[in-house]
Amino acid sequence: MKIFIDSADIGEIREAAEMGVIDGVTTNPSLVAKTGRKFEEVLQDICDVVDGPISAEVIATDAEGIVAEGKKLAAMHPNIVVKVPLIADGIKAVRALSQEGIKTNVTLCFSAPQGLLAAKAGATYISPFLGRVDDIGGDGLELVAQLVTIYGNYDFDTEVLAASIRHPVHLVRCAEMGADVATIPHKVILQLLKHPLTDIGLERFLEDAKKIPG
Ligand code: G3P
């Protein structure tokens, strides 16, 4: 399973990259806005730190504009993946971009039929927002399971990139059902590591180590 970090904060990204567990990065306009920095500068910094797919989202909402913006973003660095919203014009743009060999991450996916259309259009990744489905009383993990099954049934090349992951159980369940990628916030990466018995065990080992003669 590939693990991406869902962040535009270069400090967080660098720290996760140093652990050696990060295969790529996803960003969105909200994450970039939080940094208070220019989009291009943030992207360039991320490309310098992580050698893997880096999703950068377009702002245009018409097919022509999305394609133009997507081409500009893709030209910035070979690792850039153009993140496109799951709307009719987005799907049109994904088809055009994929025909030019530009990788896409179709974002804001909240249903299986949306995901099916994204795959038909040639998306490289589909991003089901499972936490946000849960937020409105739905079952985000069920959506991930549906997409994994549907893509598997027809051998679509589109990879399921589970997004809006809020806690470690989300990640574990996605791994169990065979999601290709999970993008997780820095906070959740730290939560994955944490276990009270590890901390207690280490503390005891270190105390006992002091009693070893020599
Ligand atoms: O990658 C999508 C993600 O950034 C959305 O997460 O927590 O804002 O629903 P969240």
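The values are calculated or read from the model by the stated rules, or taken from the named source; none is laboratory data. The structure displayed is predicted, hence computed values, not measured ones. Backbone-built Cβ (ideal geometry, glycine too); neighbour counts: all protein chains shown. Side chains are part of the model used for accessible areas, which takes the heavy atoms of the whole protein and leaves out ligands, DNA and RNA. Shrake-Rupley method; radii C 1.70, N 1.55, O 1.52, S 1.80 Å.
For Ser111 and Asp155, calculate 0.36 nm times their separation in residues minus their Cα-Cα distance, and state this gained length in nm to one decimal. Write down the numbers at each step before the final one.
Numbers: separation 44, 0.36 × 44 = 15.84 nm, distance 1.90 nm.
Result: 13.9 nm gained on full extension.
How much FRET efficiency would the formula 1/(1 + (r/R0)^6) give for Lys38 and Lys211, where r is the Cβ-Cβ distance and R0 is 45 Å, rounded to 0.05? Spell out each step's value before the answer.
Numbers: r = 56 Å, r/R0 = 1.24.
Efficiency computed from Cβ-Cβ geometry: 0.20.
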* Given Lys71/Lys120; Lys2/Lys210; Lys2/Lys38; Lys2/Lys71, which pairs have Cα atoms separated by over 30 Å? -> Lys2/Lys210
* To do: Would you kindly derive the ³J(HN,Hα) couplings of segment 58-65 from the backbone phi angles with the Karplus curve 6.51 cos²θ - 1.76 cosθ + 1.60 (θ = phi - 60°), listing them in order in whole Hz, with x for Gly and Pro?
  => 7, 9, 4, 10, 9, 4, 4, x
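May I ask you to order 156-166, 66-76 by the average number of other C-beta atoms within 10 Å around their residues, highest value first?
Numbers: 156-166: 23.5, 66-76: 18.4.
Packing proxy ranking, top to bottom: 156-166, 66-76.
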* Structure fact -> Whole-percent carbon and sulfur contribution to the accessible surface of the chain (1.4 Å, no ligands, DNA or RNA) stands at 55
* Extension gain (nm, one decimal) between Gln191 and Thr61, 0.36 nm per residue minus Cα-Cα -> 43.2 nm
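When you count, for each residue, the other Cβ atoms within 10 Å and take the mean per peptide, how do 147-155, 191-199, 106-114 rank with the highest first? Numbers along the way, then the final one.
Numbers: 147-155: 14.7, 191-199: 10.1, 106-114: 19.8.
Highest to lowest by the protection proxy: 106-114, 147-155, 191-199.
Hey, what does the equivalent ellipsoid look like for the chain, semi-axes from the Cα gyration tensor as sqrt of 5 times each eigenvalue, largest first, whole Å? Please report the intermediate quantities before stating the final value.
Details: eigenvalues 235, 91, 39 Å².
Sorted largest first and rounded, they come to 34, 21, 14 Å.
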* Structure fact -> With x for Gly and Pro, the residue-by-residue ³J(HN,Hα) of segment 25-32, computed from phi through the Karplus equation 6.51 cos²θ - 1.76 cosθ + 1.60 at θ = phi - 60° and given in whole Hz, is 9, 10, 10, 8, x, 5, 5, 5
* Asked: Just the accessible area per residue of the chain, please: how many Å² with a 1.4 Å probe?
  -> 52
* Structure fact -> Nearest 10, in degrees from 0 to 90: the angle of helix 140-153 to the longest Cα principal axis of the chain is 60
